[in-house]
Amino acid sequence: MNFSIEDYYADLIDGNVLLAYKGSINTELINNVLDTIESKLQDFNEPSKVRKKVYNVLVESLQNLFHHIDDLPDEYKDDFESRFGILVVSKEGNKYRISTGNFIRNDKIAYLKEKIDQINSSNREELKEMYKFILNHQKLSEKGGGGLGLVDIARKTGNKLKYTFVPFDDEYSFYNLDVFVDEVIEKKNS
Amino acid sequence: MEPLIIEGTPKTPTVRFDAEKGVIEIKGRSIPENSVEFYKPLVDWLEEYKKNPKPKTTVNIQLEYFNTSSSKCILDVFKKLEAIHKAKNEVEINWYYEEDDEDMLEAGEDYESIIRIPFKMIEIVE
(Lines give C-alpha, C1' and ligand atoms only; values in the text may rest on other atoms or scores of the structure.)
Protein backbone atom coordinates (compact mmCIF):
# COMPACT_ATOMS: atom_id res chain seq x y z
CA MET A 1 0.00 0.00 0.00
CA ASN A 2 1.77 3.11 -1.22
CA PHE A 3 -0.89 5.63 -0.40
CA SER A 4 -0.60 7.09 3.06
CA ILE A 5 -3.44 9.19 4.42
CA GLU A 6 -1.08 10.69 6.97
CA ASP A 7 1.40 11.93 4.33
CA TYR A 8 -1.37 13.16 2.14
CA TYR A 9 -3.00 15.04 5.00
CA ALA A 10 0.32 16.48 6.17
CA ASP A 11 0.92 17.88 2.69
CA LEU A 12 -2.51 19.46 2.59
CA ILE A 13 -2.22 21.23 5.91
CA ASP A 14 1.15 22.66 5.05
CA GLY A 15 0.20 26.28 4.49
CA ASN A 16 -2.20 28.92 5.69
CA VAL A 17 -4.95 26.65 6.95
CA LEU A 18 -8.33 27.93 8.09
CA LEU A 19 -9.69 24.52 8.89
CA ALA A 20 -8.55 20.93 8.56
CA TYR A 21 -10.54 17.83 9.35
CA LYS A 22 -10.28 14.13 8.78
CA GLY A 23 -12.91 11.72 9.93
CA SER A 24 -16.55 10.91 9.51
CA ILE A 25 -18.49 13.32 7.30
CA ASN A 26 -21.91 13.76 8.86
CA THR A 27 -24.51 16.50 9.18
CA GLU A 28 -23.20 17.74 12.51
CA LEU A 29 -19.70 18.09 11.10
CA ILE A 30 -21.01 19.98 8.08
CA ASN A 31 -22.87 22.42 10.35
CA ASN A 32 -19.78 23.00 12.47
CA VAL A 33 -17.55 23.57 9.46
CA LEU A 34 -19.97 26.04 7.89
CA ASP A 35 -20.25 28.02 11.13
CA THR A 36 -16.50 28.08 11.63
CA ILE A 37 -15.68 29.20 8.12
CA GLU A 38 -18.42 31.79 8.07
CA SER A 39 -17.07 33.49 11.17
CA LYS A 40 -13.46 33.27 9.96
CA LEU A 41 -14.38 34.95 6.71
CA GLN A 42 -16.08 37.68 8.73
CA ASP A 43 -12.90 38.11 10.77
CA PHE A 44 -10.85 38.43 7.58
CA ASN A 45 -13.10 41.30 6.46
CA GLU A 46 -13.55 39.72 3.08
CA PRO A 47 -16.09 41.51 0.88
CA SER A 48 -19.48 39.84 0.96
CA LYS A 49 -19.04 38.69 -2.62
CA VAL A 50 -15.98 36.63 -1.73
CA ARG A 51 -17.50 35.36 1.51
CA LYS A 52 -20.57 34.17 -0.31
CA LYS A 53 -18.61 32.41 -3.00
CA VAL A 54 -16.40 30.57 -0.54
CA TYR A 55 -19.43 29.64 1.55
CA ASN A 56 -21.45 28.45 -1.42
CA VAL A 57 -18.63 26.39 -2.81
CA LEU A 58 -17.94 24.93 0.63
CA VAL A 59 -21.58 23.89 1.01
CA GLU A 60 -21.50 22.09 -2.33
CA SER A 61 -18.13 20.46 -1.66
CA LEU A 62 -19.23 19.17 1.74
CA GLN A 63 -22.57 17.94 0.54
CA ASN A 64 -20.94 16.22 -2.43
CA LEU A 65 -18.72 14.42 0.06
CA PHE A 66 -21.68 13.63 2.30
CA HIS A 67 -23.72 12.13 -0.51
CA HIS A 68 -21.05 10.29 -2.44
CA ILE A 69 -18.53 8.82 -0.01
CA ASP A 70 -18.03 5.11 -0.53
CA ASP A 71 -17.62 3.09 2.59
CA LEU A 72 -14.56 0.87 2.80
CA PRO A 73 -14.90 -2.85 3.43
CA ASP A 74 -14.95 -4.07 7.04
CA GLU A 75 -11.31 -5.13 7.01
CA TYR A 76 -10.34 -1.43 7.03
CA LYS A 77 -12.70 -0.37 9.75
CA ASP A 78 -9.96 -0.28 12.36
CA ASP A 79 -8.00 2.14 10.18
CA PHE A 80 -10.76 4.52 9.10
CA GLU A 81 -14.03 5.74 10.53
CA SER A 82 -17.13 5.07 8.51
CA ARG A 83 -17.92 7.74 5.89
CA PHE A 84 -14.30 8.78 6.14
CA GLY A 85 -13.38 11.98 4.39
CA ILE A 86 -10.89 14.80 4.49
CA LEU A 87 -11.56 18.50 4.30
CA VAL A 88 -9.01 21.29 4.27
CA VAL A 89 -9.80 24.94 3.71
CA SER A 90 -6.71 27.05 3.22
CA LYS A 91 -5.56 30.28 1.74
CA GLU A 92 -2.86 30.27 -0.89
CA GLY A 93 -1.80 33.71 -2.02
CA ASN A 94 -4.93 35.40 -3.24
CA LYS A 95 -6.98 32.23 -3.51
CA TYR A 96 -9.01 30.16 -1.10
CA ARG A 97 -8.50 26.46 -1.61
CA ILE A 98 -11.09 23.92 -0.60
CA SER A 99 -9.71 20.38 -0.71
CA THR A 100 -11.86 17.35 -0.19
CA GLY A 101 -10.72 13.74 -0.19
CA ASN A 102 -12.58 10.46 0.02
CA PHE A 103 -12.34 6.82 -0.95
CA ILE A 104 -14.03 5.94 -4.19
CA ARG A 105 -14.69 2.59 -5.84
CA ASN A 106 -12.43 2.14 -8.84
CA ASP A 107 -15.37 1.36 -11.10
CA LYS A 108 -16.78 4.87 -10.55
CA ILE A 109 -13.61 6.71 -11.53
CA ALA A 110 -14.01 6.72 -15.30
CA TYR A 111 -17.46 8.30 -15.11
CA LEU A 112 -16.42 10.96 -12.62
CA LYS A 113 -13.23 11.80 -14.53
CA GLU A 114 -15.16 12.21 -17.73
CA LYS A 115 -17.63 14.48 -16.00
CA ILE A 116 -14.95 16.72 -14.48
CA ASP A 117 -13.01 16.85 -17.74
CA GLN A 118 -16.15 17.91 -19.55
CA ILE A 119 -16.76 20.66 -16.99
CA ASN A 120 -13.14 21.81 -17.19
CA SER A 121 -13.27 22.08 -20.96
CA SER A 122 -16.46 24.16 -20.95
CA ASN A 123 -16.59 27.93 -21.05
CA ARG A 124 -18.91 30.10 -18.96
CA GLU A 125 -21.77 29.99 -21.41
CA GLU A 126 -21.50 26.22 -21.84
CA LEU A 127 -21.49 25.73 -18.08
CA LYS A 128 -24.62 27.84 -17.79
CA GLU A 129 -26.37 25.71 -20.41
CA MET A 130 -25.13 22.49 -18.77
CA TYR A 131 -26.44 23.68 -15.40
CA LYS A 132 -29.83 24.61 -16.78
CA PHE A 133 -30.12 21.35 -18.68
CA ILE A 134 -29.40 19.21 -15.61
CA LEU A 135 -31.67 21.39 -13.48
CA ASN A 136 -34.55 21.05 -15.86
CA HIS A 137 -34.17 17.50 -17.13
CA GLN A 138 -32.58 15.26 -14.56
CA LYS A 139 -34.54 13.71 -11.76
CA LEU A 140 -33.44 14.64 -8.31
CA SER A 141 -31.98 11.57 -6.68
CA GLU A 142 -32.26 11.01 -2.97
CA LYS A 143 -28.55 11.65 -2.94
CA GLY A 144 -28.88 15.23 -3.98
CA GLY A 145 -28.73 17.46 -6.97
CA GLY A 146 -28.14 14.87 -9.67
CA GLY A 147 -24.66 16.05 -10.53
CA LEU A 148 -25.33 19.77 -10.37
CA GLY A 149 -22.83 20.37 -7.59
CA LEU A 150 -19.63 20.24 -9.61
CA VAL A 151 -21.11 22.31 -12.43
CA ASP A 152 -22.26 24.89 -9.90
CA ILE A 153 -18.81 25.03 -8.30
CA ALA A 154 -17.14 25.53 -11.67
CA ARG A 155 -19.60 28.26 -12.60
CA LYS A 156 -19.31 30.14 -9.35
CA THR A 157 -15.53 29.99 -9.08
CA GLY A 158 -14.71 30.41 -12.77
CA ASN A 159 -11.74 28.12 -12.10
CA LYS A 160 -10.84 24.62 -13.22
CA LEU A 161 -11.47 21.71 -10.88
CA LYS A 162 -8.23 19.98 -9.94
CA TYR A 163 -8.49 16.31 -9.17
CA THR A 164 -6.34 13.27 -8.47
CA PHE A 165 -7.17 9.61 -8.03
CA VAL A 166 -4.53 7.73 -6.06
CA PRO A 167 -4.83 3.92 -6.26
CA PHE A 168 -5.37 2.35 -2.84
CA ASP A 169 -6.08 -1.30 -3.56
CA ASP A 170 -7.83 -3.42 -6.20
CA GLU A 171 -11.20 -2.00 -5.37
CA TYR A 172 -10.62 1.52 -4.11
CA SER A 173 -8.76 4.71 -4.85
CA PHE A 174 -8.48 7.95 -2.94
CA TYR A 175 -10.11 10.84 -4.74
CA ASN A 176 -8.93 14.36 -4.06
CA LEU A 177 -10.63 17.46 -5.41
CA ASP A 178 -9.20 20.95 -5.11
CA VAL A 179 -11.46 23.91 -5.72
CA PHE A 180 -10.13 27.45 -5.87
CA VAL A 181 -11.99 30.69 -5.18
CA ASP A 182 -10.22 33.89 -6.18
CA GLU A 183 -10.08 36.57 -3.56
CA VAL A 184 -10.47 39.24 -6.17
CA ILE A 185 -13.48 38.49 -8.29
CA GLU A 186 -13.71 40.09 -11.66
CA LYS A 187 -17.00 41.32 -12.97
CA LYS A 188 -18.74 38.75 -15.11
CA ASN A 189 -20.42 39.81 -18.34
CA SER A 190 -17.24 41.58 -19.42
CA MET B 1 -57.19 27.40 2.74
CA GLU B 2 -54.80 27.33 5.71
CA PRO B 3 -51.63 29.36 5.29
CA LEU B 4 -48.33 27.51 5.28
CA ILE B 5 -45.91 29.05 7.73
CA ILE B 6 -42.48 27.60 8.46
CA GLU B 7 -39.95 29.44 10.58
CA GLY B 8 -36.43 29.66 9.21
CA THR B 9 -33.40 27.82 10.56
CA PRO B 10 -29.69 28.30 9.74
CA LYS B 11 -30.14 25.79 6.90
CA THR B 12 -33.74 26.23 5.80
CA PRO B 13 -35.70 29.32 4.77
CA THR B 14 -38.66 31.09 6.30
CA VAL B 15 -41.80 30.18 4.36
CA ARG B 16 -45.05 32.15 4.31
CA PHE B 17 -47.69 31.02 1.85
CA ASP B 18 -50.94 32.95 2.31
CA ALA B 19 -53.84 31.90 0.08
CA GLU B 20 -56.14 34.68 1.32
CA LYS B 21 -53.70 37.39 0.27
CA GLY B 22 -52.25 35.44 -2.66
CA VAL B 23 -48.74 35.99 -1.33
CA ILE B 24 -46.00 33.37 -1.50
CA GLU B 25 -42.72 34.08 0.29
CA ILE B 26 -39.49 32.15 0.70
CA LYS B 27 -36.68 33.95 2.53
CA GLY B 28 -33.31 33.10 4.02
CA ARG B 29 -30.98 30.18 3.47
CA SER B 30 -31.81 26.93 1.78
CA ILE B 31 -28.88 24.58 2.23
CA PRO B 32 -30.22 21.36 3.81
CA GLU B 33 -28.58 18.02 2.98
CA ASN B 34 -31.97 16.65 1.97
CA SER B 35 -34.09 19.35 0.45
CA VAL B 36 -36.85 17.12 -0.96
CA GLU B 37 -38.18 16.53 2.52
CA PHE B 38 -38.26 20.25 3.27
CA TYR B 39 -39.90 21.32 0.01
CA LYS B 40 -42.58 18.63 -0.22
CA PRO B 41 -45.16 20.53 1.90
CA LEU B 42 -44.53 23.67 -0.19
CA VAL B 43 -45.16 21.88 -3.46
CA ASP B 44 -48.22 20.11 -2.01
CA TRP B 45 -49.63 23.40 -0.74
CA LEU B 46 -49.23 25.02 -4.17
CA GLU B 47 -50.88 22.02 -5.82
CA GLU B 48 -53.91 22.68 -3.62
CA TYR B 49 -53.78 26.47 -4.12
CA LYS B 50 -53.64 25.96 -7.88
CA LYS B 51 -57.22 24.67 -7.80
CA ASN B 52 -58.55 28.00 -6.61
CA PRO B 53 -55.91 30.73 -6.81
CA LYS B 54 -56.33 34.47 -6.31
CA PRO B 55 -56.61 36.48 -9.55
CA LYS B 56 -53.15 37.79 -8.70
CA THR B 57 -50.44 35.84 -6.87
CA THR B 58 -47.37 37.70 -5.68
CA VAL B 59 -44.23 35.63 -5.17
CA ASN B 60 -41.29 36.99 -3.17
CA ILE B 61 -38.11 34.97 -3.24
CA GLN B 62 -35.28 36.37 -1.17
CA LEU B 63 -32.53 33.84 -0.68
CA GLU B 64 -29.14 34.51 0.77
CA TYR B 65 -27.80 31.08 -0.15
CA PHE B 66 -29.20 27.98 -1.74
CA ASN B 67 -27.52 24.70 -2.57
CA THR B 68 -27.91 22.64 -5.73
CA SER B 69 -30.07 20.14 -3.89
CA SER B 70 -32.54 22.96 -3.19
CA SER B 71 -32.29 24.33 -6.71
CA LYS B 72 -34.30 21.43 -8.15
CA CYS B 73 -36.96 21.81 -5.46
CA ILE B 74 -37.19 25.55 -6.06
CA LEU B 75 -37.75 24.76 -9.73
CA ASP B 76 -40.63 22.47 -8.69
CA VAL B 77 -42.14 25.41 -6.80
CA PHE B 78 -41.80 27.61 -9.88
CA LYS B 79 -43.34 24.92 -12.10
CA LYS B 80 -46.46 24.96 -9.92
CA LEU B 81 -46.57 28.75 -10.27
CA GLU B 82 -46.10 28.41 -14.02
CA ALA B 83 -49.19 26.18 -14.13
CA ILE B 84 -51.18 28.80 -12.23
CA HIS B 85 -49.95 31.44 -14.68
CA LYS B 86 -50.86 29.25 -17.67
CA ALA B 87 -54.40 28.93 -16.33
CA LYS B 88 -54.78 32.67 -16.99
CA ASN B 89 -54.02 33.96 -13.52
CA GLU B 90 -51.64 36.78 -12.87
CA VAL B 91 -48.39 35.67 -11.21
CA GLU B 92 -45.80 38.25 -10.25
CA ILE B 93 -42.40 36.91 -9.28
CA ASN B 94 -40.03 39.18 -7.36
CA TRP B 95 -36.51 37.80 -7.16
CA TYR B 96 -34.49 39.64 -4.52
CA TYR B 97 -30.70 39.56 -4.43
CA GLU B 98 -28.21 41.34 -2.26
CA GLU B 99 -26.14 44.16 -3.64
CA ASP B 100 -23.32 42.85 -5.88
CA ASP B 101 -24.48 39.25 -5.61
CA GLU B 102 -24.18 38.45 -9.30
CA ASP B 103 -24.44 34.72 -8.66
CA MET B 104 -27.88 35.15 -7.11
CA LEU B 105 -29.01 37.45 -9.91
CA GLU B 106 -27.83 34.91 -12.45
CA ALA B 107 -29.65 32.12 -10.62
CA GLY B 108 -32.85 34.14 -10.97
CA GLU B 109 -32.21 34.59 -14.67
CA ASP B 110 -31.70 30.83 -15.04
CA TYR B 111 -35.11 30.15 -13.52
CA GLU B 112 -36.74 32.89 -15.52
CA SER B 113 -35.49 31.36 -18.76
CA ILE B 114 -36.78 27.91 -17.80
CA ILE B 115 -40.26 28.77 -16.57
CA ARG B 116 -41.11 31.63 -18.88
CA ILE B 117 -42.78 33.97 -16.43
CA PRO B 118 -41.08 37.36 -16.33
CA PHE B 119 -39.16 37.97 -13.09
CA LYS B 120 -38.74 41.30 -11.41
CA MET B 121 -35.09 41.40 -10.31
CA ILE B 122 -34.77 43.51 -7.20
CA GLU B 123 -31.40 44.44 -5.79
CA ILE B 124 -31.38 44.96 -2.03
CA VAL B 125 -29.12 47.90 -1.31
CA GLU B 126 -28.00 48.21 2.28
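The values are calculated or read from the model by the stated rules, or taken from the named source; none is laboratory data. These numbers come from a predicted model, not from an experiment. Don't worry about glycine lacking a Cβ; one is built from the backbone with ideal geometry, like all the others, and counts go over all protein chains shown. All accessible areas refer to the heavy atoms of the entire protein, side chains included, with ligands and DNA or RNA removed. Shrake-Rupley method; radii C 1.70, N 1.55, O 1.52, S 1.80 Å.
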In units of 2.2 N^0.38 Å, the Cα radius of gyration of region B:1-52 is 1.13
Looks like region A:1-45, by Cα gyration tensor root eigenvalues a ≥ b ≥ c and the a/c under 1.5 rounded cutoff (else prolate when a/b is bigger than b/c, oblate otherwise), is oblate
Rounded to the nearest 100 Å², the accessible area hidden between B and A, summed over both chains at a 1.4 Å probe radius, is 2800 Å²
Per-residue average of other protein chain Cβ atoms inside 10 Å, peptide A:115-122 -> 0
Rounded to one decimal in nm, the spacing of the 7 Å Cα→Cβ label points at A:Ile109 and B:Asp76 is 3.6 nm
Mean per-residue count of partner chain Cβ within 10 Å for B:109-119 equals 2
One would report the Cα pair-distance distribution of region B:4-94, bin width 5 Å, in %, as 3, 15, 28, 27, 16, 9, 3, 0
Share of accessible surface on carbon and sulfur in chain A, whole %, 1.4 Å probe and ligands ignored, is 46 percent
Of the candidates B:Ser35, B:Ser70, B:Asn60, the farthest towards the positive dipole end of region B:4-94 (Lys/Arg Cβ +1, Asp/Glu Cβ -1, centred on the Cα centre) is B:Asn60
Expected vector for region B:88-99, Karplus 3J(HN,Hα) from phi with 6.51, -1.76, 1.60 and θ = phi - 60°, integer Hz, x for Gly and Pro, equals 6, 10, 7, 10, 10, 10, 9, 10, 8, 9, 6, 2
For A:Lys77, counting only lysines whose alpha-carbon sits under 18 Å away and dropping same-chain residues fewer than eight positions off, the answer is A:Lys22
Binned at 10 Å starting from 0, the alpha-carbon pair-distance distribution of region A:82-144 in whole percents comes out as 15, 31, 43, 10
With all protein chains present, region B:4-94 has a carbon and sulfur share of its accessible area (1.4 Å probe) in percent of 51 percent
If every Lys and Arg gets +1 and every Asp and Glu gets -1 at its Cβ, then about the Cα centre the protein assembly as shown yields a dipole, in debye to the nearest 20, of 1320 debye
Relative contact order of chain A (C-alpha contacts under 8 Å, at least 6 apart) in percent is 26 percent
The relative contact order of region A:70-154, taking Cα pairs under 8 Å that sit 6 or more residues apart, comes to a percentage of 20 percent
XL table A:Lys40/A:Lys156; A:Lys115/B:Lys79; B:Lys54/B:Lys86; A:Lys132/B:Lys79; Cα-Cα > 24 Å flagged, in table order, is A:Lys115/B:Lys79
Residues of region B:35-77 that bury at least 50 Å² of accessible area, probe 1.4 Å, when all protein chains are present rather than the chain alone, are B:Tyr65, B:Thr68, B:Lys72
Counting only protein heavy atoms and rolling a 1.4 Å probe, one gets per residue an accessible area for region B:4-94 in Å² of 43 Å²
Applying the gyration tensor rule to the Cα atoms of region B:74-126 (axes a ≥ b ≥ c; rounded if a/c under 1.5, else prolate if a/b exceeds b/c, else oblate), the class is prolate
Taking a ≥ b ≥ c as the square roots of the Cα gyration tensor eigenvalues, with a/c under 1.5 meaning rounded and otherwise prolate when a/b beats b/c or oblate if not, region A:1-152 comes out oblate
Quick P(r) readout (the protein assembly as shown; Cα-Cα; 10 Å bins; whole %) gives 5, 25, 33, 22, 11, 3, 0
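For region B:4-94, what is the relative contact order in percent, using Cα pairs closer than 8 Å and at least 6 residues apart in sequence?
For region B:4-94, the relative contact order is 30 percent.
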Rounded to one decimal in nm, the spacing of the 7 Å Cα→Cβ label points at B:Glu47 and A:Asn26 is 3.3 nm
Expected integer from the mean partner chain Cβ neighbour count at 10 Å over A:54-64 is 3
